[in-house]
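Have a look at the structure below, then the notes.
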Amino acid sequence: MNNTNVLIPSLKGLCVSNAQILTEHELSLANCADLASLHALLFPELTAKESECIYLMSTGLQTKEIASLMSIVPRFVQRLMQSSANKFNTNGVVGLRIIYHRRYQDYQLKQTVETNRLLMLILTRLNSSLP
C-alpha cells in the first residue's frame, strides 16, 4: 500500500494517507456510524456493503485493500462493485467514482447552503435586537 495522500469524503473533510484510512475505518466506530448514515442518505438504492465498497474504492484503494478492510474476499468486492455499477447503469470503477463524488459534492453544497441560510437568519435576528 502506498502512502500517497487521498481526499476522504467524510463529515470532517479529512485529507489523510491510505494508512490512516485503515485506522479511521477500524478504530473510529462513531465516524463509521456517521459515514454509514451518510451513505444511506446518499445511496438509498445500494446496500450498506455496496456503499461502503464504493466509498473505499473512491478513495483510491485497490480491490485487495478493500477486501482486507471489509473482511471479505476480493471476488466479493468485485461482485459488489459490479452490482453497484448495474444499479447506476454505468460500467466500471470510473463511473462509480464519478457518481460517488457527484452525489457527495451535491450533499456538501446543500449543507453549505443550509448553513449559510441559518447564519443569515441568526445575523438578522441579532441585528434586529440591537438598539
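Summary table
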| item | result |
| --- | --- |
| Inter-probe distance in nm under a simple model that places probes 7 Å from Cα toward Cβ, at GLN78 and THR124 | 5.6 nm |
| Label point distance in nm, SER71-THR90, each placed 7 Å from Cα along Cα→Cβ | 3.0 nm |
| Expected-Rg normalisation [2.2 N^0.38 Å, Cα atoms] applied to the range 51-131 | 1.71 |
| Sites GLN111 and LYS49, calculated FRET efficiency, Cβ-Cβ separation with R0 35 Å, nearest 0.05 | 0.85 |
| Phi to ³J(HN,Hα) by Karplus 6.51 cos²θ - 1.76 cosθ + 1.60 over the range 65-75, Hz, x for Gly, Pro | 5, 4, 4, 5, 5, 8, 6, 9, 7, x, 5 |
| For the range 35-87, alpha-carbon Rg over 2.2 N^0.38 Å | 1.03 |
| Most to least accessible of THR112, THR63 (protein chains only, probe 1.4 Å) | THR112, THR63 |
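The values are calculated or read from the model by the stated rules, or taken from the named source; none is laboratory data. From a predicted model like this one, the values you see are computed outputs, not experimental measurements. Virtual Cβ from ideal backbone geometry, glycine too; neighbours counted across all protein chains shown. Surface accessibility is based on the protein's heavy atoms, side chains included, excluding ligands, DNA and RNA. Shrake-Rupley method; radii C 1.70, N 1.55, O 1.52, S 1.80 Å.
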